[in-house]
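The values are calculated or read from the model by the stated rules, or taken from the named source; none is laboratory data. Computed from a predicted structure; not experimentally measured. Positions of Cβ are generated from backbone atoms using ideal geometry, with glycine treated the same way; all protein chains shown enter the neighbour counts.
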Amino acid sequence: MGDAPRVTGSVWWDLLLGIGIAVLVTWLALVVALIAMRPSGPVLREALRILPDVLRLLRRLAADRSLPRGVRIRLWLLLAYLAMPIDPIPDFIPVLGYADDAIVAAAVLRSVVRRAGLDAVRAHWPGTDDGFAAVVRLAGLDRPAR
């Protein structure tokens, strides 16, 4: 009855090492994906200028029950990501450290427009026409889908 195999300390270290390597590989994949999706040109200043309107836009879109559920879930997950006090990409990493939130938000907005349409985003935009044009540029909504 007492012949059950025992797990040794070595197995636990192997398990922890495997989990650590998996987390590191996942983090590196996130960094590579963010580098690939980053907008080109001097967009950080423009993104910061319209940030309050973009946050209101995301909240309004997430609360709109006429949008597909998958779109609303993505938007709520984005809002949770933006509210996290700890960034997955630390700020000491050049360029990406400060731009990761904008890159992720742009990617989610592109996804929302593909599913819900640009008119839905425009209907919820709380800012100026110039601000909306900036959102369209920053999120790459003015370019054809790849």
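Some notes on this structure:
- The range 101-122, residues that are more than 30 Å from V23 (Cα to Cα) and surrounded by 12 or more Cβ atoms within 10 Å (Cβ to Cβ): V113, R114, R115, A116, G117, L118, A120, V121, R122
- Residues in the range 7-65 that are at pLDDT 75 or above, hydroxyl-bearing (S, T, Y) and over 24 Å from G97 (Cα atoms): S10 only.
- Where Y98 falls short, out of the listed (1) over 30 Å from G127 (Cα atoms); (2) modelled with pLDDT under 70: (1)
- Condition broken by L141, with the remaining ones in (1) under 29 Å from L24 (Cα atoms); (2) modelled with pLDDT under 85; (3) not basic (K, R) satisfied: (1)
- Identity of the residue in the range 72-100, crowded, with 17+ Cβ neighbours inside 10 Å and not hydrophobic (A, V, I, L, M, F, W, C), that ends up farthest from V32 (Cα to Cα): R72
- Any chance A83 is modelled with pLDDT of 75 or more and either within 27 Å of W27 (Cβ to Cβ) or not β-branched (V, I, T) (or both): yes
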